[in-house]
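These notes are about the structure you will find just below.
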Amino acid sequence: MKISKRIEKMNFSSIRKLTPLADEARRKGIKIYPLNIGQPDIVTPDTFFQGVNNYKEKIVKYSNSEGITELRETFSKNFRKWNMDILPDEILITAGGSEAVIFTILSICDPGDEVIVPEPYYSNYDSFVKMADSSIVPVHTSIEDGFHLPSKEEIVSKITSKTKAILFSNPSNPTGTVYTEAEIKMLGEIAEEYDLYIISDEVYREFTFENTSFISPIKFENLRKRTIIIDSISKHYSACGARIGLVATKNEDLKMQMLKLCQARLCASTIEQYAASNLINTLESYIEKVKAIYKSRRDVMYEGLCNIEGVTCFKPEGSFYIFVKLPIDDGEKFSRWLLTDFNHDGETVMVAPGKGFYQSEGRGINEIRLSYCIDEKEIKRAIEILNIAIKEYNKLNVKY
Ligand SMILES: Cc1ncc(COP(=O)(O)O)c(C=O)c1O
């Protein structure tokens, strides 16, 4: 029996593929500090659980395919906080931001088409784009420039007759970069000149630190029709398992075409939609508190990493990730070794190898991504262990 070429071309998640090794290490009694995955450890607001009770039916029914009105109104109101004028009718509810990206790509790309993405990027984008038999064309960014965008000329040089969109996550997973207004405007100019969509993945919108502020391309009058917003409650409200996200677009034709996909998969989870509708009643202080927690953790992690000899990192401006260059030969080999052959007093760390966030051959080899979804005390300890591990790894000259 044959397997499709499409699925064969896809990769296993570079973040999740080390899980069996971690399970084995845990079975041996080793404590693992999980710095590999973006699963918030912060308690989901009560409003979400209270909202479950707003579902009064005795049968767990399908909802309508575009999402329940209450939820689309909630999101529309929430966008106003960001001066983003998006009507409930311009929103389609999806199973998380993931389905929102999949539906977007399937709606705008034909086989052979290309999507420009700043690299390193959220690695699942690669699978989402491959689902449409299309490919990512990476635009390189570097740790030395804080992963900010290269010149307009460099980005334009990647455009071909097959290019359909520019896709980016802002604030960025995996780098923590927050694009400036000038960068968003530059992407907008390129999109206008070459008639491209801008897919703005804003699932970390709430988390920007210090002087950086979040800018959505939909705020610019000239970009409104070509911007597609991806959003989700997963990170903003620590509700990853709810699987509630959205696509927002002011392009009515695109929205109507995308509705076909929504109808084909019938609906997003009904009860979770009711629960998420009540998130509008979450106090602003919840988000402020969460943001302060991430900022403080970011500081602890960044300082700890700066004290490790040979480490290069850039202070993240947002989200809850940091992308780091280590004084090692191979991040993938190192990440495995941490789980299979290393522990310090019965403890180790789990990290995400950098290579999986790149498409370009040879990039990201000695880089890793860390998340700060554990508390500060644990972060301090995890970074101490990482420091010890790097030294031991290099001393042993580990080979596989
Ligand atoms: C940049 C980015 N976009 C989208 C997603 C998808 O999130 P979800 O499907 O849980 O909304 C993630 C999850 O980590 C992400 O980091």
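The values are calculated or read from the model by the stated rules, or taken from the named source; none is laboratory data. None of these values were measured; they are calculated from a predicted model. So basically every Cβ, Gly included, is an ideal-geometry build from the backbone, and we count neighbours across all protein chains shown. When the accessible area is computed, the model is the full protein with side chains, heavy atoms only, and any ligands, DNA or RNA have been set aside. Shrake-Rupley method; radii C 1.70, N 1.55, O 1.52, S 1.80 Å.
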Which of the residues belonging to the range 368-383 are open to solvent by 60 Å² or more (accessible area, probe 1.4 Å) and under 14 Å from A292 (Cα atoms)?
-> D375, E376
Quick check: anything in the range 295-318 open to solvent by less than 10 Å² (accessible area, probe 1.4 Å) and closer than 30 Å to S107 by Cβ?
-> yes
Inside the range 47-78, can you point out the residues that are under 24 Å from the mean Cα position of the chain (by Cα), among the basic types (K, R) and more than 16 Å from S269 (Cβ to Cβ)?
-> K77
If you scan the range 94-116, which residues turn out to be assigned to a strand (DSSP E or B) and either among the hydroxyl-bearing types (S, T, Y) or touching a helix residue (DSSP H, G or I) at 6+ places or on another chain (Cβ under 6 Å) (or both)?
-> T94, V115
Scanning the range 75-119 residue by residue, those polar (S, T, N, Q), open to solvent by less than 30 Å² (accessible area, probe 1.4 Å) and more than 16 Å from the ligand (Cβ to nearest atom) turn out to be S76
Can R26 be described as assigned by TED's automatic domain parsing to the domain that holds E347 and in a loop (DSSP other than H, G, I, E, B)?
-> no
Is one or more of the residues making up the range 341-348 surrounded by fewer than 24 Cβ atoms within 10 Å (Cβ to Cβ) and closer than 24 Å to Y121 by Cβ?
-> no
Any hit, the range 253-265, residues being surrounded by 22 or more Cβ atoms within 10 Å (Cβ to Cβ) and in a loop (DSSP other than H, G, I, E, B) = no
Might you check whether a residue that is over 19 Å from F79 (Cα atoms), charged (D, E, K, R), buried (at least 19 other Cβ atoms within 10 Å of the Cβ) and away from the ligand (no atom under 13 Å from the Cβ) occurs anywhere in the range 175-186?
-> no
